[in-house]
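Peer 1: Let me give you the structure first, and then I'll get to my questions.
Bear in mind these aren't lab numbers, they're just calculated from the coordinates by the rules spelled out. Since we're looking at a predicted model, the values are computed, not measured. We place every Cβ from the backbone using ideal geometry, glycine too, and count neighbours over all the protein chains shown.
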Amino acid sequence: MPLLAALLWSTWVAAADVGVAGIMGNKAMLMIGGGEPEAIPVGQTYSGVRVVAIQGDQVVVEIDGRKRSLRVGQHAVGSGAGTGGSKVILTADGQGHFITDGTINGTSVRMMVDTGATMISIGAGDARRLGLDLSRGLRGVSATANGRVSVVRISLDKVQLGEITLHQVDAVVHPSEMPLVLLGMSFLNRLEMTRDGDTMTLKRRF
């Protein structure tokens, strides 16, 4: 990464997602902000993230002055100092629904918050548009308002809602069309939810 780009990157990385892709000797393979893995030696800092130690299959990193211990495949998010953290504020529509735009695996989708849904629920049309590979999914049956239907359970690589980004989020794909993606508890239970009248605040848990 060019020096100027690295400096610009580090100015906002505090609110970015940091993941551990692997361990190579005394180097941690870090993915920052969804980027490609970078090999960072113990004691060095890259884009505002410092590798403190490698302990077995865990990497201790320092983000925003706070140390986090992450296993390979795990992610953490900085506190976003100066931005109030990674959070989204939603306003209910006339029917009391919280509907917003987000992305799944980098593709835009229209979502509705649904605390009654166990997982993110995706209709057949959106699944095709997102290019989801259902061949590796787990087939099962889900109870809906229209009865029991066959669904395919999969894991979404990346789900983003405003400043909030989560990885490896469980979802089910329905065989029929759905007007919206239902943002269920597989996403919501990893957040702090606060309801105040017609306003809902979602905040990333640390």
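Peer 1: As an exercise, use a Förster radius of 25 Å and the Cβ-Cβ distance of Ser155 and Ser176 to find the FRET efficiency, rounded to the nearest 0.05.
Peer 2: Given R0 = 25 Å and the Cβ-Cβ separation, E is 0.70.
Peer 1: If each residue of separation counts as 0.36 nm, what is the full-extension length gain between Ile89 and Thr45 once their alpha-carbon separation is subtracted?
Peer 2: 12.6 nm
Peer 1: I would also like to ask the following. Return a whole-number percent for the relative contact order of the range 166-206, with Cα pairs under 8 Å and 6 or more residues apart as the contact set.
Peer 2: Reported relative contact order: 29 percent.
Peer 1: With a sphere of radius 10 Å drawn around the Cβ of Ser142, what net charge do the other residues whose Cβ falls strictly inside it have (Lys, Arg +1; Asp, Glu -1)?
Peer 2: Here the charged neighbours net out to +2.
Peer 1: Given a Förster distance of 35 Å, report the FRET efficiency between Val52 and Thr118 from their Cβ-Cβ distance, rounded to the nearest 0.05.
Peer 2: With a Förster radius of 35 Å, E is 0.45.
Peer 1: Can I ask one more? Convert each backbone phi in the range 89-94 into a coupling constant with the Karplus relation 6.51 cos²θ - 1.76 cosθ + 1.60 (shift: θ = phi - 60°), then list the ³J(HN,Hα) values in order as whole Hz, x for Gly and Pro.
Peer 2: 10, 10, 10, 5, 7, x
Peer 1: Taking the Cα centre of the range 87-204 as origin, sum charge times position over the Cβ atoms of Lys and Arg (+1) and Asp and Glu (-1), and report the length of that vector in debye to the nearest 20.
Peer 2: I would put it at about 380 debye.
Peer 1: Using +1 at the Cβ of each Lys and Arg and -1 at the Cβ of each Asp and Glu in the range 87-204, identify which of Val113, Pro175, Phe187 lies farthest towards the dipole's positive end.
Peer 2: After comparing all options, I get Pro175.
Peer 1: Roughly what would the spin-label model give for Asp101 and Asp196, points 7 Å off Cα along C-beta, in nm?
Peer 2: 2.6
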